[in-house]
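Here's the structure we're looking at; comments come further down.
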Amino acid sequence: MYQYDEYDQRIVDERVAQFADQTRRYLAGELSEDEFRPLRLQNGLYIQRHAPMLRIAVPYGNLNSKQLRTLGHIARTFDRGYGHITTRQNIQFNWPRLDDVPEILGLLANVQMHAIQTSGNCIRNVTADPFAGVAADEIVDPRPWCEIVRQWSTFHPEFAFLPRKFKIAVNGAKEDRAVIQVHDIGLDIVHNAAGELGFRVLVGGGLGRTPIIGEEVAAFVPWQQILNYCEAILRVYNQHGRRDNAYKARIKILVKALGVPEFARQVEEEFAHLKDGPSTLTQAEIDRVASRFDDPVLSPLAEDAGYRARLADDKAFAAWARRNVRAHRVAGYASVVLSLKPYGVAPGDLTADQFDAVADLADRYAFGEVRSTHEQNVVLASVREADLVALWQEARAIGLATPNIGLLTDIIACPGGDFCALANAKSIPIANAIQDRFDKLDYLFDIGDIEINISGCMNACGHHHVGHIGILGVDKNGAEFYQVTIGGKQGNDAALGKVIGPSFAAAEMPDVISALIDTYVDQRHDDERFIDTVRRIGVEPFKTRVYADRQPQRKPAHV
Amino acid sequence: MSDKIIKNGRVVVDERLTVALAEGEAAADIAVPAGRVLVPLAVWQTRRDELLARARSGELGVWLAAGEDAATLAGDLEALQVIALHFPKFTDGRSYSAATLLRKRHGYKGELRAIGEVLRDQFNYMTRCGFDALQPQAGRYTDAQLEAALASIDDFTQPYQHSVKDPLPLFRSVNRAADREAQQ
């Protein structure tokens with residue numbers, strides 16, 4: 001992963017000092033609550049239901065073992081023994097004390113980490129493919145570009161107080177795994193007809209209250225100009241985005257109001273002034289940033305006979321390998337997904353001991369490198385085939401080898417009403433109830449690839465709009481209900497799900513999911529995934545089944 | 001409580017009356033007080049000829065509300081010695097872009113003053129965007145607090161980006177590659 005130089009380190013250290021002083025002034029009464037709030041938010045610090053919540057940046061999901069051990073230490077010392085991986089690849093702690101936060105930030109700075117701009121109306125953590133640098137379908141490694149965007153957006157003086165939050169994602173592979181179509185800016189690394197590298201730029205995607213798929217504003221921006229172009233987008237947004245209504249303040253609303261052609265024209269006009277300006281990138285800078293990634297140098301290895309034999313002989317291992325092991329660009333290596341979705345655990349949670357244990361696994365088997373995913377799992381990017389059996393056994397011992405990646409129980413869920421002050425309804429118990437219903441592994445394998453995403457409110461941290469099945473917590477006269485969508489999808493052909501009908505009580509949710517799955521199983525063609533069946537036959541058959549099953553509950557017989 | 005401001009990195013007395021149009025008042029009609037004043041853009045545009053000499057002497061400056069287009073002053077920058085940009089709330093960041101545009105695109109060299117909800121925790125960003133005068137609301141800080149707040153201007157000593165204050169981004173202003181070689 002990227003290694004700080006003295007300049008990176010100084011900026012983070014200066015932030016620690018700045019925030020320590022701000023916290024001191026707040027506690028001394030020199031800063032009002034209203035004055036302190038945006039400052040603490042830009043340090044990832046929320047005041048939540050039970051305590052402050054601290055969101056720590058994991059730039060484009062990259063971590064090393066030393067950082068994991070620090071996170072484990074923080075979980076043990078300042079929290080209640082666990083942390084949570086978010087859908088922006090970040091890590092949250094739900095129980096720190098406000099006056100401990102400066103110390104926590106100091107510990108993080110010691111391992112090149114921070115909480116900068118993980119909340120607030122500023123440019124947030126840039127996200128990317130968790131398999132960046134190792135994916136077999138990768139065209140260009142997005143990580144150096146992510147790092148360049150991270151540095152450009154960190155404490156940008158002009159864009160710290162935008163109308164609303166601003167999220168950027170970068171994709172460099174054939175299959176987009178960074179959900180760039182639902183970001184404020186989605187950067188897609190492409191080559192033009194002349195073979196030159198550049199970016200296709202999407203703007204105005206987003207989930208939340210008004211879900212919108214981002215649209216192409218530029219088909220090709222040469223790589224040298226990408227920061228100038230982003231600066232142009234941000235300047236148009238900073239000046240013209242709505243500030244009168246927080247719900248209409250995201251750039252997607254501005255793009256919709258102006259229309260894509262007019263928005264693009266304004267950006268081009270601004271870009272004409274900025275083009276070839278000081279932010280113009282140089283090959284030397286790209287090379288320098290790329291050279292600071294201390295990736296392992298891998299040479300192709302022969303196929304491992306022991307691994308193949310075990311696949312044939314050991315059903316449990318084969319199941320894990322099938323779901324949790326992915327092809328690597330270098331022969332003889334694989335990428336491994338450690339599942340943070342075992343039964344009965346909040347999706348994305350890691351205990352302090354698990355942080356340490358994953359660090360140990362990374363050191364022994366994966367060159368000390370770990371990735372967090374927006375699906376709230378953990379990836380060991382480069383593992384020798386010959387080590388997979390041993391890794392599996394050790395991961396199993398610490399509860400991180402559930403063979404369910406991409407299956408129904410690999411649920412994305414926000415922290416929801418158990419923790420979050422914004423939530424209308426709980427998310428985690430719904431995820432757990434669905435996991436309980438589908439506890440037969442053979443059946444899960446038979447159902448195959450499916451994504452269930454749960455958000456506890458319309459802010460959509462659980463990305464429910466792009467779940468094959470999306471579940472949204474809503475408030476109905478003070479009671480918690482759940483609205484269900486189907487047909488959402490992430491990836492190259494991203495789509496927003498359609499609502500199937502009136503919402504459900506929490507207790508009904510496992511039955512609702514069962515009815516949806518039963519419909520799929522009845523209707524599917526051979527080897528057709530759930531999402532493909534929905535796309536082929538539409539919402540209606542699913543809807544009919546779900547609400548038919550539900551009828552007796554709605555109108556109980558009078559006895 | 002202090003009614004001083006920060007100018008070019010020092011705490012000074014530099015009072016200016018900010019004239020605002022009350023509801024129903026027309027730019028053409030209001031009395032512009034004598035002495036050091038800041039007038040709204042509409043007043044300046046309506047009565048430019050009348051006010052030009054006072055502007056040239058630096059006695060009179062113009063203030064822009066957040067969101068008012070800085071480019072409308074592009075033709076007046078040679079005459080104006082003082083321009084102020086208003087922050088209705090410190091979380092309203094529009095005036096950072098206006099400041100950057102005035103300095104970088106339009107080449108404004110005179111005093112650029114931040115007025116409105118101007119707080120020390122934004123001094124670093126403000127000065128980097130080209131503000132050389134920072135005027136917190138009267139009474140927000142004590143003299144001692146304002147002196148202490150000078151330190152915030154330098155919260156980040158070598159930021160990544162280019163800005164009005166730093167004409168080049170870090171990757172162009174220092175040789176970061178050399179730094180790495182030195183470490184190895």
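The values are calculated or read from the model by the stated rules, or taken from the named source; none is laboratory data. Note that the structure is a prediction, hence the values are computed from the model and not measured. All Cβ positions, glycine included, derive from the backbone under ideal geometry; neighbour counts span all protein chains shown.
For this structure, a couple of remarks:
- All positions within segment B:65-93 that are hydrophobic (A, V, I, L, M, F, W, C), more than 14 Å from the chain's Cα centre (by Cα) and farther than 23 Å from B:Arg36 by Cβ: B:Ala71, B:Ala74
- Restricting attention to segment A:135-161 and to residues that are of a type in the set (Gly, Ala, Ser) and under 20 Å from the mean Cα position of the chain (by Cα), the residue that is nearest to the other protein chains (Cβ to nearest Cβ) turns out to be A:Ser153.
- Near pairs, Cβ below 8 angstrom, 6+ apart or cross-chain, from segment B:125-137 (closer than 15 Å to B:Ser152 by Cβ) to any residue that is among the aromatic types (Phe, Trp, Tyr): B:Tyr125/A:Phe155; B:Tyr125/B:Tyr96; B:Met126/B:Tyr96; B:Cys129/B:Tyr96; B:Leu134/B:Phe123
- Only a single item in (1) at the interface with chain B (Cβ under 9 Å from one of its Cβ atoms); (2) under 30 Å from the mean Cα position of the chain (by Cα) is not met by A:Phe293, and it is number (1).
- Boolean, A:Tyr237 is under 30 Å from A:Gly456 (Cα atoms), modelled with pLDDT of 95 or more, not in a strand (DSSP E or B) and not β-branched (Val, Ile, Thr): yes
- Here segment B:62-99 is the region considered, the condition is being touching a Leu at 6+ places or on another chain (Cβ under 7 Å) and aromatic (Phe, Trp, Tyr), and the residue that is farthest from the other protein chains (Cβ to nearest Cβ) is B:Trp63.
- Residue within segment A:239-254 that is closer than 21 Å to B:Pro167 by Cα and within 13 Å of chain B (Cβ to nearest Cβ) present: no
- Each residue in segment A:202-216 was checked for being crowded, with 24+ Cβ neighbours inside 10 Å and at pLDDT 95 or above, and 4 of them qualify.
- For segment A:1-18, the candidate set comprises residues that are within 10 Å of chain B (Cβ to nearest Cβ) and touching a residue at least 24 places away in the same chain (Cβ under 8 Å); within that set, the residue that is surrounded by the fewest Cβ atoms within 10 Å (Cβ to Cβ) is A:Gln3.
- Long-range neighbours under 9 Å by Cβ, at least six apart or interchain, first residue farther than 19 Å from B:Ala151 by Cα and in contact (Cβ under 8 Å) with a residue 40 or more places away in the chain within segment A:25-39, second outside any helix (DSSP H, G or I) and of a type in the set (Phe, Trp, Tyr): A:Pro38/A:Phe161; A:Pro38/B:Phe90
- Answer from A:Arg88, A:Arg143, A:Arg97 - the residue that is among the charged types (D, E, K, R) and within 27 Å of B:Arg172 (Cβ to Cβ): A:Arg143
- Any hit, segment A:160-167, residues being crowded, with 24+ Cβ neighbours inside 10 Å and closer than 28 Å to A:Arg69 by Cβ: no
- Test: B:Lys109 is surrounded by fewer than 20 Cβ atoms within 10 Å (Cβ to Cβ), within 12 Å of chain A (Cβ to nearest Cβ) and within 28 Å of A:Glu269 (Cβ to Cβ): no
- Selected residue (criterion: farthest from the other protein chains (Cβ to nearest Cβ)) from residues of segment B:123-144 that are in contact with a helix residue (DSSP H, G or I) (Cβ under 8 Å, 6 or more places away or on another chain) and closer than 13 Å to B:Ile6 by Cα: B:Leu134
- Residue in segment A:396-412 that is touching a residue at least 24 places away in the same chain (Cβ under 8 Å), buried (at least 17 other Cβ atoms within 10 Å of the Cβ) and part of a helix (DSSP H, G or I) present: no
Rundown of residues vs (1) hydrophobic (A, V, I, L, M, F, W, C); (2) in contact with a helix residue (DSSP H, G or I) (Cβ under 6 Å, 6 or more places away or on another chain); (3) touching a residue at least 12 places away in the same chain (Cβ under 8 Å); (4) closer than 30 Å to A:Gly470 by Cβ, yes/no style:
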{"position": "A:Ile189", "(1), (2), (3), (4)": "yes, no, yes, yes"}
{"position": "A:Ala194", "(1), (2), (3), (4)": "yes, no, no, no"}
{"position": "A:Gly205", "(1), (2), (3), (4)": "no, yes, yes, yes"}
{"position": "A:Val221", "(1), (2), (3), (4)": "yes, yes, yes, no"}
{"position": "A:Ile226", "(1), (2), (3), (4)": "yes, no, yes, no"}
{"position": "A:Ile233", "(1), (2), (3), (4)": "yes, yes, yes, yes"}
{"position": "A:Tyr247", "(1), (2), (3), (4)": "no, no, yes, yes"}
{"position": "A:Lys256", "(1), (2), (3), (4)": "no, no, yes, yes"}
{"position": "A:Gln266", "(1), (2), (3), (4)": "no, yes, yes, no"}
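- Of all the listed residues (A:Ile447, A:Ile428, A:Ile411), the sole one being over 21 Å from A:Ala132 (Cα atoms) and touching a Gly at 6+ places or on another chain (Cβ under 7 Å) is A:Ile428.
- A:Leu281 falls short on exactly one of the conditions (1) more than 22 Å from A:Leu380 (Cα to Cα); (2) free of Cβ contacts under 8 Å to residues at least 24 places away in the same chain, and that condition is (2).
- Among the numbered conditions (1) under 28 Å from the mean Cα position of the chain (by Cα); (2) in a helix (DSSP H, G or I); (3) closer than 30 Å to A:Tyr7 by Cα, the only one that A:Leu281 does not meet is (2).
- Within segment B:162-179, the presence of at least one residue that is at the interface with chain A (Cβ under 7 Å from one of its Cβ atoms), part of a loop (DSSP other than H, G, I, E, B) and among the hydroxyl-bearing types (Ser, Thr, Tyr) is confirmed.
- Single residue of segment A:311-350 satisfying the filter (of a type in the set (Val, Ile, Thr) and closer than 30 Å to A:Lys426 by Cα) that is modelled with the lowest pLDDT: A:Val345
- Single match in A:Lys165, A:Lys174 (criterion: over 17 Å from A:Leu496 (Cβ atoms) and within 14 Å of chain B (Cβ to nearest Cβ)): A:Lys165
- Residues of segment B:141-167 satisfying the condition of being farther than 14 Å from B:Gly9 by Cβ, surrounded by fewer than 17 Cβ atoms within 10 Å (Cβ to Cβ) and not polar (S, T, N, Q): B:Asp143, B:Ala144, B:Pro167
- Looking across A:Ala194, A:Ala169, one residue alone is over 18 Å from the mean Cα position of the chain (by Cα) and either within 26 Å of A:Gly259 (Cβ to Cβ) or in a loop (DSSP other than H, G, I, E, B) (or both). It is A:Ala194.
- Within the option set A:Glu215, A:Glu231, being closer than 22 Å to A:His191 by Cβ and either more than 14 Å from chain B (Cβ to nearest Cβ) or within 26 Å of the chain's Cα centre (by Cα) (or both) holds for one residue only, A:Glu215.
- Close pairs from segment A:475-488: first within 13 Å of A:Ser503 (Cα to Cα), partner of a type in the set (Ser, Thr, Tyr) and in a loop (DSSP other than H, G, I, E, B), Cβ under 7 Å, at least 6 apart: A:Lys476/A:Ser503; A:Phe481/A:Ser503; A:Tyr482/A:Ser503; A:Gln483/A:Ser503
- Residue identified as in contact with a Lys or Arg (Cβ under 6 Å, 6 or more places away or on another chain), modelled with pLDDT of 95 or more and part of a loop (DSSP other than H, G, I, E, B) among A:Arg243, A:Arg164: A:Arg164
- The residues in segment A:324-367 that are buried (at least 19 other Cβ atoms within 10 Å of the Cβ) and of a type outside the set (A, V, I, L, M, F, W, C) can be counted, and the count is 12.
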